[in-house]
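Okay, structure first, notes after.
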Amino acid sequence: MSTKKISTKNEPAKNDMTTDLALLAVLAVLWGASYTFIKIGVETIPPVTFIAARTLIAGGILFAIIRWRGLAMPGDAASWRRFAFQACLNSVIPFTLIAAAERSVDAGLATILNATSPIFTFLFTALITRHEPVTVRKLIGVGAGIAGICLIIGTQALDGIGHQLWAQLAIVAATICYAGAAIFGRGFKGLDPMLPAAGSMLCGAIILVPLSLVFDQPWTLAPSTASILALLGLSVFSTALAFVIYFRLIHTLGSVGTTSQAYLRVPIGVGIGAVFLGESLGSTAWLGMAFVVAGVAAMAIPVRRPALAR
């Protein structure tokens with residue numbers, strides 16, 4: 001007697017979750033590699049010009065794909081104001097801060113500090129928007145993450161206010177911007193993910209390109225081949241492709257769930273920095289990384305609920 005496989009209503013949801021988790025892993029790799037791209041790029045390209053080119057290239061690629069797909073960018077001023085605000089939170093300010101910081105901070109260390117975005121996302125969520133539940137495990141995760149930040153930058157603070165300390169604090173400030181962007185990005189629900197991705201990148205370029213022309217005079221620069229290739233890799237893969245994935249996951253996994261790729265990209269970013277840049281972490285930084293990863297994992301990994309008896 002033949003038997004038929006009986007489909008259940010849960011199967012599409014499971015397939016969607018599998019896809020989202022796979023995309024989360026891809027996003028972690030793309031953004032984990034971005035810190036090494038940045039480190040190589042800013043060796044011969046000033047941070048503002050480097051990020052202006054990043055947003056311009058990525059925005060252009062996304063806009064071309066949108067036209068190819070037959071989609072149209074919103075024509076109302078309100079949407080573009082939202083794109084501009086998202087650009088400030090998610091590209092203009094944090095991209096520039098991280099690029100400037102990586103002139104003195106290792107790519108691996110930047111990865112660890114920037115991985116704390118779920119902690120700040122959770123704090124903003126708990127204190128302001130309150131659209132996701134507050135649990136004891138998440139509070140423990142916040143404590144562990146903050147302890148990790150203190151372990152990483154604390155020794156620099158004890159040595160006095162130096163360039164390295166300010167660079168590390170700049171990365172933490174960028175992380176706070178990312179947390180705000182993750183929450184604000186929920187407001188684009190209903191739009192194709194590529195529209196806010198392209199809109200925010202183009203707005204970022206509109207803000208940064210004039211600054212680059214005034215302050216850096218890019219026509220006088222002589223960037224190395226390695227910096228140019230790093231810029232292209234960062235723009236195409238770690239920005240254009242990554243942002244499409246990012247805006248999709250904001251809608252499906254939520255703001256805290258999406259930023260959970262941070263605990264995946266820590267070992268990825270540190271590993272890439274070690275292999276391609278020859279970087280190594282000090283003992284305090286390793287301990288701080290352990291606290292950060294544990295804290296973010298405690299906040300992001302979903303709790304399995306026992307099945308109800310039927």
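Below, the figures for the structure above:
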read-out: Sulfur and carbon atoms: percent of accessible area, the range 8-110 [1.4 Å]; value: 68 percent
read-out: Accessible surface, the range 45-117, averaged per residue in Å² (probe 1.4 Å); value: 36 Å²
read-out: Segments 36-44, 271-279, 82-90 sorted - mean Cβ within 10 Å per residue, highest first; value: 36-44, 82-90, 271-279
read-out: Simple label model, 7 Å out from Cα along Cβ direction - L213 to C150, nm; value: 4.8 nm
read-out: Per-residue ³J(HN,Hα) for the range 204-212, Karplus 6.51 cos²θ - 1.76 cosθ + 1.60, θ = phi - 60°, Hz, x for Gly and Pro; value: x, 5, 4, 6, 8, 4, x, 5, 4
read-out: Stretch gain in nm, segment A126-W80, where the contour uses 0.36 nm per residue and the Cα spacing is subtracted; value: 13.8 nm
read-out: Efficiency of FRET between M17 and M73 - r from beta-carbon atoms, R0 45 angstrom, step 0.05; value: 0.90
read-out: Listed peptides 175-181, 284-290 by packing density, highest first (mean Cβ within 10 Å); value: 175-181, 284-290
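The values are calculated or read from the model by the stated rules, or taken from the named source; none is laboratory data. Source: prediction; values computed, not measured. With ideal geometry, Cβ positions are generated from the backbone for all residues, glycine too; neighbour counts draw on all protein chains shown. SASA here: full protein model, heavy atoms, side chains in, ligands and nucleic acids out. Shrake-Rupley method; radii C 1.70, N 1.55, O 1.52, S 1.80 Å.
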